[in-house]
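Take a look at the structure set out below.
Nothing in this text is a laboratory measurement; each read-out follows from the coordinates by a stated rule. Every value quoted in this text rests on a predicted model; they were computed, and no experiment measured them. Please note: Cβ atoms are built from the backbone with ideal geometry, for glycine as well, and neighbour counts cover all protein chains shown.
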Amino acid sequence: MRKAVVQVLETIPDVLERDCALTPQAVGVVQQAIDDLRYTLQEKSYEACAAELIPDEEGESL
């Protein structure tokens with residue numbers, strides 16, 4: 001699922017530029033927002049995996 005989401009996010013700027021005639025500056029703003037979202041998704045995915053793998057102080061997974 002992650003790959004599918006990333007693939008769609010990567011195509012959005014191209015679609016907006018080609019089909020919606022967005023300016024390169026506007027596409028840059030969209031691209032930065034998408035990059036920020038991808039980074040946040042990566043962080044949250046990592047945290048969720050780590051919580052499952054690393055037991056908390058009581059010996060249970062987080």
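Residues in region 1-53 that are β-branched (V, I, T) and assigned to a loop (DSSP other than H, G, I, E, B): T23 only. Look at region 31-55: where a residue is closer than 12 Å to L9 by Cβ and a partner is of a type in the set (A, V, I, L, M), sitting 6+ places away or on another chain with Cβ atoms under 6 Å, you get I34/L9.
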